[in-house]
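Right, one structure below, let's go through it.
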Amino acid sequence: MYGHIHMMKTRPTPLIMKEELYMDILRESVIYCIPAGLHDWAIKARRSATTADSKIDALETLLKVCAAEGCFWEGLNVINEVISDADMLEHRSRLLFLAGEMSAEFYEYDKATGYFARSLACAIRTKDQHIATVTKLGFCNLYRQDFIQAEEWSRWAIKLGPHSWEAWKNLGVSLEHQGQIEGAFLAYLKALALSRDRVVPVMHLTRLSQRHPGVVPDVGGLRPKIYREYCIIF
């Protein structure tokens, strides 16, 4: 069920998902400090690396620089060069995941979804990698405005890693845009509790209360069924 990717649904009034998900606000709020020469060092280290571990270490350093400097196409091109390397077979899931992240950074969410799905299909991957990939698939489907599929991926991510605040946040967005306001409220609240006061869940909760004044329920009035489903602890 989860391996099937739905086609993006049309909507009478298209959403501006960059604004819905606050990606640009987050990017603008981050200050990167990149040591001079790190880019060239990472390129040389990748070319001179002889083992799989040294190659992936140099690659990940280079990708951090590319992400910080907004050079996402360069990062994706480097991954595509490395992924056919026979030495990198055990890192293939990780490489495809990184390619998905690079694609998502320049808003190519269909391409990112493809990379993440391929990463998930790899036989060799860690549990953390599995959780992160499923979470990213939920996120990409939010941008594709397929909220039903996003909900399925998010629930799967929560089942695999119930302490992932990002998975709970993604679930909240998917439920909100399906009109399930109580469920969205609780998912955002759970994300807030797990995120250690990160700004994103707060922004989503604030937006939800502004859009639905008087509809978002008081904690004491929530139905016991919802308490049980979302395991909210106060």
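Taken together, the values in this text are just the output of simple stated rules run on the coordinates, not laboratory data. Source: prediction; values computed, not measured. Cβ placement follows ideal geometry from the backbone for every residue including glycine, while neighbour counts extend to all protein chains displayed.
Listing for the model above:
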item	result
Distance in nm between pseudo-label sites at Tyr107 and Val199 (7 Å out along the Cβ direction from Cα)	2.0
Mean Cβ neighbour count within 10 Å, used as a protection proxy, ranking 122-128, 168-174, 102-108, 197-203 highest first	168-174, 102-108, 197-203, 122-128
Partner lysines for Lys127 [C-alpha distance under 24 Å; skip if fewer than 8 residues away on the same chain]	Lys55, Lys64, Lys111, Lys136, Lys159, Lys169, Lys190
Per residue, the convex hull volume that the Cα atoms of the stretch 122-171 enclose (Å³)	63
FRET efficiency estimate (nearest 0.05) - Cβ-Cβ, Gln129 to Thr51, R0 25 angstrom	0.80
